[in-house]
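Accompanying notes for the structure given below.
The values are calculated or read from the model by the stated rules, or taken from the named source; none is laboratory data. Every value quoted in this text rests on a predicted model; they were computed, and no experiment measured them. Quick reminder, even Gly has a Cβ in these numbers, built from the backbone with ideal geometry, and neighbours come from all protein chains shown.
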Amino acid sequence: MTTRRDFLKGSAAAATGIVFCSCGLLKSAHGQEAARQKLPVMVGGKRVKTIDVHAHCHFHEAGALLGEEAAKIQLPPVNGAQEAFIEVDRRIAAMDSQAIDMEVLSINPFWYGRDRDLAGQIVKLQNEKLAELCASKPDRFAAFASLTLQAPDLAVQELETAVKKQGLKGAAIGDRVADLEFSDAKFHPVWAKAEELGVPLFIHPQGLPELSKRLAGNGWLSNTIGNPLGTTLALSHLIYEGTFDRFPGLKVIAAHGGGFLPSYADRSDHACLVGPKGCNPDIKLKKAPTEYLKQIYFDSLIFTPEAIRHLVAQVGASQVVLGSDYPYPWELHPVDPIFATESLTDSQRADILGLTAAKLFNMKMG
(Lines give C-alpha, C1' and ligand atoms only; values in the text may rest on other atoms or scores of the structure.)
Protein backbone atom coordinates (compact mmCIF):
# COMPACT_ATOMS: atom_id res chain seq x y z
CA MET A 1 0.00 0.00 0.00
CA THR A 2 1.25 3.48 -0.82
CA THR A 3 2.29 5.38 2.29
CA ARG A 4 3.24 8.95 3.05
CA ARG A 5 6.88 7.90 2.55
CA ASP A 6 6.06 6.93 -1.05
CA PHE A 7 3.99 10.10 -1.30
CA LEU A 8 6.99 12.21 -0.31
CA LYS A 9 9.37 10.40 -2.65
CA GLY A 10 6.95 10.62 -5.54
CA SER A 11 6.47 14.34 -5.08
CA ALA A 12 10.10 15.32 -4.65
CA ALA A 13 10.40 16.39 -8.26
CA ALA A 14 7.51 18.83 -8.11
CA ALA A 15 8.98 22.19 -8.96
CA THR A 16 6.91 24.22 -6.54
CA GLY A 17 6.86 21.71 -3.69
CA ILE A 18 3.10 21.42 -3.97
CA VAL A 19 1.60 18.20 -5.22
CA PHE A 20 -1.72 17.53 -6.85
CA CYS A 21 -3.00 14.10 -7.80
CA SER A 22 -3.58 13.21 -11.43
CA CYS A 23 -7.03 11.71 -11.81
CA GLY A 24 -8.11 10.79 -15.33
CA LEU A 25 -11.59 11.74 -16.46
CA LEU A 26 -14.34 9.36 -15.42
CA LYS A 27 -17.59 8.59 -17.14
CA SER A 28 -20.82 9.57 -15.52
CA ALA A 29 -22.60 7.18 -13.16
CA HIS A 30 -24.74 6.12 -16.12
CA GLY A 31 -21.72 5.27 -18.26
CA GLN A 32 -22.31 8.18 -20.61
CA GLU A 33 -20.51 11.44 -21.18
CA ALA A 34 -23.02 14.20 -20.53
CA ALA A 35 -22.71 17.66 -22.03
CA ARG A 36 -20.04 19.46 -20.04
CA GLN A 37 -19.93 23.06 -18.96
CA LYS A 38 -16.82 24.91 -20.11
CA LEU A 39 -15.13 28.17 -19.18
CA PRO A 40 -16.32 30.82 -19.25
CA VAL A 41 -19.46 29.70 -17.42
CA MET A 42 -22.52 31.72 -18.38
CA VAL A 43 -25.74 31.90 -16.37
CA GLY A 44 -28.65 33.80 -17.84
CA GLY A 45 -26.32 35.40 -20.36
CA LYS A 46 -23.94 36.66 -17.68
CA ARG A 47 -20.41 35.47 -16.92
CA VAL A 48 -20.10 33.75 -13.53
CA LYS A 49 -16.76 33.08 -11.88
CA THR A 50 -16.91 29.53 -10.50
CA ILE A 51 -15.27 28.93 -7.11
CA ASP A 52 -14.64 25.39 -5.83
CA VAL A 53 -14.38 25.58 -2.02
CA HIS A 54 -13.44 21.91 -1.57
CA ALA A 55 -10.12 21.09 -3.25
CA HIS A 56 -7.13 19.38 -1.66
CA CYS A 57 -3.37 19.64 -1.93
CA HIS A 58 -0.26 18.62 -0.01
CA PHE A 59 3.26 19.99 0.36
CA HIS A 60 5.92 17.30 0.49
CA GLU A 61 8.16 19.50 2.65
CA ALA A 62 5.50 19.51 5.37
CA GLY A 63 5.11 15.75 5.37
CA ALA A 64 8.89 15.38 5.45
CA LEU A 65 8.95 17.07 8.86
CA LEU A 66 7.47 13.85 10.26
CA GLY A 67 10.64 11.97 9.36
CA GLU A 68 10.25 8.23 9.83
CA GLU A 69 6.75 8.79 11.18
CA ALA A 70 5.62 9.78 7.69
CA ALA A 71 5.60 6.11 6.70
CA LYS A 72 2.89 5.41 9.27
CA ILE A 73 0.44 7.83 7.71
CA GLN A 74 -1.19 6.03 4.84
CA LEU A 75 -2.92 7.66 1.92
CA PRO A 76 -6.45 6.44 1.22
CA PRO A 77 -6.83 3.85 -1.57
CA VAL A 78 -8.49 6.27 -3.96
CA ASN A 79 -8.71 5.47 -7.66
CA GLY A 80 -6.33 7.76 -9.51
CA ALA A 81 -5.18 9.73 -6.49
CA GLN A 82 -1.82 7.96 -6.27
CA GLU A 83 -1.06 7.70 -9.97
CA ALA A 84 1.19 10.71 -10.30
CA PHE A 85 1.95 14.16 -8.95
CA ILE A 86 1.59 17.08 -11.25
CA GLU A 87 2.70 20.66 -11.62
CA VAL A 88 0.53 23.66 -10.96
CA ASP A 89 0.11 24.45 -14.66
CA ARG A 90 -1.33 20.99 -15.23
CA ARG A 91 -3.66 21.47 -12.27
CA ILE A 92 -4.91 24.67 -13.87
CA ALA A 93 -5.47 22.80 -17.14
CA ALA A 94 -7.58 20.29 -15.22
CA MET A 95 -9.56 23.14 -13.65
CA ASP A 96 -10.19 24.58 -17.09
CA SER A 97 -11.57 21.24 -18.26
CA GLN A 98 -13.89 21.17 -15.23
CA ALA A 99 -15.17 24.73 -15.73
CA ILE A 100 -13.56 25.87 -12.46
CA ASP A 101 -12.16 29.39 -12.35
CA MET A 102 -10.77 29.20 -8.82
CA GLU A 103 -10.06 26.57 -6.19
CA VAL A 104 -9.90 27.29 -2.47
CA LEU A 105 -7.23 24.82 -1.40
CA SER A 106 -7.14 22.95 1.90
CA ILE A 107 -4.99 20.31 3.56
CA ASN A 108 -6.60 17.60 5.66
CA PRO A 109 -5.10 17.69 9.18
CA PHE A 110 -2.63 14.84 9.63
CA TRP A 111 -0.85 16.67 12.46
CA TYR A 112 -3.49 16.83 15.22
CA GLY A 113 -1.86 13.91 17.02
CA ARG A 114 1.62 15.46 17.00
CA ASP A 115 3.19 17.54 19.74
CA ARG A 116 2.75 21.30 19.74
CA ASP A 117 6.18 22.17 18.38
CA LEU A 118 6.19 19.70 15.50
CA ALA A 119 2.59 20.44 14.55
CA GLY A 120 3.36 24.15 14.70
CA GLN A 121 6.28 23.70 12.31
CA ILE A 122 4.11 21.75 9.88
CA VAL A 123 1.36 24.37 9.99
CA LYS A 124 3.77 27.29 9.62
CA LEU A 125 5.38 25.75 6.56
CA GLN A 126 2.05 24.85 4.97
CA ASN A 127 0.56 28.28 5.46
CA GLU A 128 3.66 29.94 4.03
CA LYS A 129 3.55 27.65 0.99
CA LEU A 130 -0.17 28.16 0.50
CA ALA A 131 0.25 31.93 0.65
CA GLU A 132 3.13 31.77 -1.81
CA LEU A 133 1.13 29.68 -4.27
CA CYS A 134 -1.95 31.89 -4.03
CA ALA A 135 0.15 35.01 -4.55
CA SER A 136 1.66 33.48 -7.69
CA LYS A 137 -1.76 32.62 -9.19
CA PRO A 138 -4.22 34.95 -7.45
CA ASP A 139 -6.88 34.55 -10.13
CA ARG A 140 -6.89 30.73 -9.83
CA PHE A 141 -6.08 29.82 -6.23
CA ALA A 142 -7.12 30.89 -2.75
CA ALA A 143 -6.61 28.80 0.37
CA PHE A 144 -7.73 27.88 3.84
CA ALA A 145 -5.03 28.05 6.50
CA SER A 146 -3.97 25.03 8.50
CA LEU A 147 -4.20 25.32 12.30
CA THR A 148 -2.52 23.60 15.24
CA LEU A 149 -5.94 23.04 16.73
CA GLN A 150 -4.70 20.76 19.52
CA ALA A 151 -3.07 23.93 20.90
CA PRO A 152 -5.88 26.51 20.65
CA ASP A 153 -3.75 29.43 21.83
CA LEU A 154 -1.32 28.75 19.00
CA ALA A 155 -4.17 28.21 16.55
CA VAL A 156 -5.51 31.68 17.36
CA GLN A 157 -2.14 33.21 16.48
CA GLU A 158 -1.86 31.12 13.32
CA LEU A 159 -5.31 32.15 12.14
CA GLU A 160 -4.65 35.84 12.69
CA THR A 161 -1.31 35.65 10.88
CA ALA A 162 -2.79 33.65 8.02
CA VAL A 163 -5.63 36.09 7.42
CA LYS A 164 -4.00 39.44 8.17
CA LYS A 165 -0.47 38.85 6.85
CA GLN A 166 -0.67 35.94 4.41
CA GLY A 167 -3.96 36.65 2.70
CA LEU A 168 -5.53 33.25 3.40
CA LYS A 169 -9.31 33.09 3.42
CA GLY A 170 -10.11 31.23 6.64
CA ALA A 171 -9.07 27.85 7.99
CA ALA A 172 -9.65 24.19 7.24
CA ILE A 173 -10.26 22.02 10.30
CA GLY A 174 -11.15 18.38 10.94
CA ASP A 175 -14.30 17.21 12.70
CA ARG A 176 -12.78 16.96 16.20
CA VAL A 177 -9.40 16.85 17.93
CA ALA A 178 -8.62 13.52 19.61
CA ASP A 179 -11.68 12.85 21.78
CA LEU A 180 -12.74 16.50 22.06
CA GLU A 181 -15.69 17.81 20.09
CA PHE A 182 -15.51 21.32 18.66
CA SER A 183 -18.21 22.39 21.11
CA ASP A 184 -15.69 21.99 23.94
CA ALA A 185 -14.85 25.28 25.66
CA LYS A 186 -11.18 24.65 24.89
CA PHE A 187 -11.83 25.74 21.31
CA HIS A 188 -13.88 28.84 22.09
CA PRO A 189 -10.91 31.21 21.60
CA VAL A 190 -10.42 29.88 18.06
CA TRP A 191 -14.07 30.32 17.14
CA ALA A 192 -14.02 33.79 18.69
CA LYS A 193 -11.02 34.76 16.57
CA ALA A 194 -12.66 33.42 13.38
CA GLU A 195 -15.80 35.38 14.24
CA GLU A 196 -13.75 38.53 14.90
CA LEU A 197 -11.87 38.19 11.61
CA GLY A 198 -15.07 37.41 9.72
CA VAL A 199 -13.58 34.36 7.99
CA PRO A 200 -15.11 30.90 7.51
CA LEU A 201 -13.96 27.58 8.92
CA PHE A 202 -14.13 24.62 6.55
CA ILE A 203 -15.03 21.42 8.42
CA HIS A 204 -13.70 18.31 6.70
CA PRO A 205 -14.11 14.89 8.36
CA GLN A 206 -11.21 12.68 9.41
CA GLY A 207 -12.98 9.32 9.51
CA LEU A 208 -14.17 7.43 12.57
CA PRO A 209 -11.47 4.96 13.66
CA GLU A 210 -13.49 4.14 16.78
CA LEU A 211 -16.01 2.50 14.45
CA SER A 212 -13.40 0.65 12.42
CA LYS A 213 -14.90 -2.79 13.05
CA ARG A 214 -18.40 -1.80 11.99
CA LEU A 215 -17.09 0.12 9.00
CA ALA A 216 -14.84 -2.70 7.81
CA GLY A 217 -15.64 -4.88 4.82
CA ASN A 218 -16.62 -4.15 1.26
CA GLY A 219 -17.67 -0.69 0.10
CA TRP A 220 -15.03 1.53 1.76
CA LEU A 221 -17.58 2.28 4.47
CA SER A 222 -14.97 4.10 6.56
CA ASN A 223 -15.27 6.84 3.95
CA THR A 224 -18.70 6.47 2.36
CA ILE A 225 -20.42 6.25 5.75
CA GLY A 226 -17.70 7.36 8.18
CA ASN A 227 -16.85 10.71 6.62
CA PRO A 228 -20.41 12.05 6.29
CA LEU A 229 -21.15 10.74 9.78
CA GLY A 230 -18.14 12.58 11.21
CA THR A 231 -19.36 15.85 9.74
CA THR A 232 -22.89 15.17 10.98
CA LEU A 233 -21.63 14.66 14.53
CA ALA A 234 -19.41 17.75 14.46
CA LEU A 235 -22.24 19.99 13.29
CA SER A 236 -24.73 18.46 15.71
CA HIS A 237 -22.47 19.12 18.70
CA LEU A 238 -21.98 22.73 17.60
CA ILE A 239 -25.75 23.11 17.40
CA TYR A 240 -26.89 21.24 20.51
CA GLU A 241 -24.15 22.48 22.84
CA GLY A 242 -25.01 26.09 22.03
CA THR A 243 -21.80 26.97 20.19
CA PHE A 244 -23.64 28.74 17.38
CA ASP A 245 -25.58 30.72 19.98
CA ARG A 246 -22.35 31.70 21.70
CA PHE A 247 -20.75 32.72 18.40
CA PRO A 248 -23.64 33.90 16.19
CA GLY A 249 -21.26 35.40 13.64
CA LEU A 250 -19.25 32.21 13.21
CA LYS A 251 -19.16 31.07 9.59
CA VAL A 252 -18.84 27.33 8.99
CA ILE A 253 -18.64 25.50 5.67
CA ALA A 254 -19.42 21.78 5.87
CA ALA A 255 -17.88 19.33 3.41
CA HIS A 256 -19.86 16.69 1.52
CA GLY A 257 -23.11 18.61 1.76
CA GLY A 258 -22.96 18.57 5.56
CA GLY A 259 -22.99 14.79 5.81
CA PHE A 260 -26.31 13.26 6.78
CA LEU A 261 -27.60 16.21 8.81
CA PRO A 262 -29.55 18.10 6.11
CA SER A 263 -31.22 14.93 4.82
CA TYR A 264 -32.64 14.00 8.23
CA ALA A 265 -32.56 17.34 10.00
CA ASP A 266 -36.15 17.48 11.21
CA ARG A 267 -35.55 14.55 13.56
CA SER A 268 -33.29 16.94 15.49
CA ASP A 269 -36.22 19.23 16.24
CA HIS A 270 -38.10 16.37 17.87
CA ALA A 271 -35.23 14.86 19.86
CA CYS A 272 -35.59 16.75 23.13
CA LEU A 273 -39.38 16.39 23.06
CA VAL A 274 -39.25 12.64 22.57
CA GLY A 275 -36.25 11.98 24.82
CA PRO A 276 -35.88 14.85 27.30
CA LYS A 277 -33.53 12.85 29.51
CA GLY A 278 -31.00 12.93 26.69
CA CYS A 279 -30.97 16.73 26.66
CA ASN A 280 -29.27 19.05 29.14
CA PRO A 281 -31.86 21.39 30.72
CA ASP A 282 -29.11 23.93 31.38
CA ILE A 283 -28.52 24.38 27.65
CA LYS A 284 -31.37 26.45 26.27
CA LEU A 285 -31.05 26.90 22.54
CA LYS A 286 -32.33 30.16 21.12
CA LYS A 287 -34.12 28.43 18.24
CA ALA A 288 -35.02 25.03 16.85
CA PRO A 289 -32.03 22.89 15.81
CA THR A 290 -32.98 23.01 12.13
CA GLU A 291 -32.86 26.81 12.19
CA TYR A 292 -29.11 26.66 12.77
CA LEU A 293 -28.66 25.06 9.36
CA LYS A 294 -29.19 28.53 7.96
CA GLN A 295 -26.00 29.62 9.77
CA ILE A 296 -23.99 26.89 8.03
CA TYR A 297 -22.76 26.72 4.45
CA PHE A 298 -22.79 23.36 2.66
CA ASP A 299 -20.73 22.29 -0.31
CA SER A 300 -22.51 20.78 -3.30
CA LEU A 301 -20.68 17.44 -3.31
CA ILE A 302 -23.82 15.31 -3.14
CA PHE A 303 -23.76 14.13 -6.74
CA THR A 304 -27.30 14.39 -8.12
CA PRO A 305 -29.73 17.19 -9.03
CA GLU A 306 -32.34 15.64 -6.75
CA ALA A 307 -29.94 15.72 -3.79
CA ILE A 308 -29.08 19.34 -4.55
CA ARG A 309 -32.77 20.20 -4.85
CA HIS A 310 -33.42 18.71 -1.41
CA LEU A 311 -30.42 20.44 0.18
CA VAL A 312 -31.55 23.80 -1.19
CA ALA A 313 -35.10 23.15 0.02
CA GLN A 314 -33.77 22.38 3.50
CA VAL A 315 -31.17 25.14 4.00
CA GLY A 316 -31.74 27.67 1.21
CA ALA A 317 -29.75 28.27 -1.97
CA SER A 318 -27.88 31.07 -0.19
CA GLN A 319 -26.19 28.44 2.02
CA VAL A 320 -24.88 26.16 -0.74
CA VAL A 321 -21.45 26.58 -2.36
CA LEU A 322 -19.64 24.65 -5.06
CA GLY A 323 -17.41 21.76 -3.96
CA SER A 324 -15.70 18.87 -5.76
CA ASP A 325 -13.15 17.20 -3.40
CA TYR A 326 -10.68 17.37 -6.27
CA PRO A 327 -8.27 15.74 -6.97
CA TYR A 328 -10.16 12.78 -5.55
CA PRO A 329 -12.48 11.80 -8.39
CA TRP A 330 -15.79 11.94 -6.57
CA GLU A 331 -17.13 14.67 -8.87
CA LEU A 332 -14.89 15.74 -11.73
CA HIS A 333 -17.49 18.08 -13.22
CA PRO A 334 -19.05 19.81 -10.19
CA VAL A 335 -20.64 22.60 -12.23
CA ASP A 336 -22.82 20.23 -14.25
CA PRO A 337 -25.19 19.05 -11.47
CA ILE A 338 -25.94 22.68 -10.62
CA PHE A 339 -27.13 23.32 -14.17
CA ALA A 340 -29.02 20.02 -14.19
CA THR A 341 -31.03 20.98 -11.08
CA GLU A 342 -34.14 22.31 -12.81
CA SER A 343 -35.69 23.74 -9.64
CA LEU A 344 -32.93 26.35 -9.36
CA THR A 345 -33.35 29.84 -10.76
CA ASP A 346 -30.49 31.47 -12.66
CA SER A 347 -29.88 33.71 -9.67
CA GLN A 348 -29.60 30.70 -7.37
CA ARG A 349 -27.25 28.93 -9.79
CA ALA A 350 -25.00 31.97 -9.92
CA ASP A 351 -24.93 32.13 -6.12
CA ILE A 352 -24.00 28.46 -5.74
CA LEU A 353 -21.41 28.51 -8.51
CA GLY A 354 -19.46 31.41 -7.10
CA LEU A 355 -21.22 34.53 -5.88
CA THR A 356 -21.88 33.24 -2.35
CA ALA A 357 -18.29 32.01 -1.98
CA ALA A 358 -16.96 35.33 -3.24
CA LYS A 359 -18.91 37.12 -0.51
CA LEU A 360 -17.77 34.63 2.13
CA PHE A 361 -14.13 35.12 1.19
CA ASN A 362 -14.45 38.85 0.47
CA MET A 363 -13.29 38.37 -3.12
CA LYS A 364 -13.77 40.75 -5.99
CA MET A 365 -15.61 39.12 -8.89
CA GLY A 366 -14.44 41.52 -11.57
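Yes or no, residue by residue, for (1) modelled with pLDDT under 95; (2) outside any loop (DSSP other than H, G, I, E, B); (3) within 28 Å of residue 251 (Cα to Cα):
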residue: 29; (1), (2), (3): yes, no, no
residue: 53; (1), (2), (3): no, yes, yes
residue: 69; (1), (2), (3): yes, yes, no
residue: 80; (1), (2), (3): yes, no, no
residue: 93; (1), (2), (3): yes, yes, no
residue: 104; (1), (2), (3): no, yes, yes
residue: 109; (1), (2), (3): yes, no, yes
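Here residue 310 fulfils each of the conditions (1) surrounded by fewer than 16 Cβ atoms within 10 Å (Cβ to Cβ); (2) touching a helix residue (DSSP H, G or I) at 6+ places or on another chain (Cβ under 8 Å); (3) not in a loop (DSSP other than H, G, I, E, B) apart from (1).
Taking the stretch 163-220 only, how many residues are closer than 15 Å to residue 238 by Cβ and surrounded by fewer than 19 Cβ atoms within 10 Å (Cβ to Cβ)? Going through the stretch 163-220 one residue at a time, the tally reaches 8. Scan the stretch 182-209 and report the pairs whose first residue is outside any helix (DSSP H, G or I) and whose second residue is of a type in the set (Asp, Glu) and crowded, with 22+ Cβ neighbours inside 10 Å, with Cβ atoms within less than 8 Å and a gap of 6+ or a chain change. Filtered contacts from the stretch 182-209: 182/175; 203/175; 204/175; 205/175; 206/175. In this structure, does residue 307 turn out to be closer than 24 Å to residue 144 by Cβ and either modelled with pLDDT of 95 or more or in contact with a strand residue (DSSP E or B) (Cβ under 6 Å, 6 or more places away or on another chain) (or both)? For residue 307, the condition - closer than 24 Å to residue 144 by Cβ and either modelled with pLDDT of 95 or more or in contact with a strand residue (DSSP E or B) (Cβ under 6 Å, 6 or more places away or on another chain) (or both) - is not met. In the stretch 348-359, the residue that is nearest to residue 253 (Cα to Cα) out of those that are without any contact (Cβ under 8 Å) to a residue 40 or more places away in the chain and of a type outside the set (Asp, Glu) is 359. Taking every residue in the stretch 312-329 that is at positive phi and pairing it with any residue that is in a helix (DSSP H, G or I) and of a type outside the set (Asp, Glu), at least 6 positions away or on another chain, the pairs with Cβ-Cβ distances below 9 Å are 316/293; 316/294; 325/256.
Which residues, taken from the stretch 97-133, are hydroxyl-bearing (Ser, Thr, Tyr), closer than 17 Å to residue 325 by Cα and surrounded by fewer than 21 Cβ atoms within 10 Å (Cβ to Cβ)?
97
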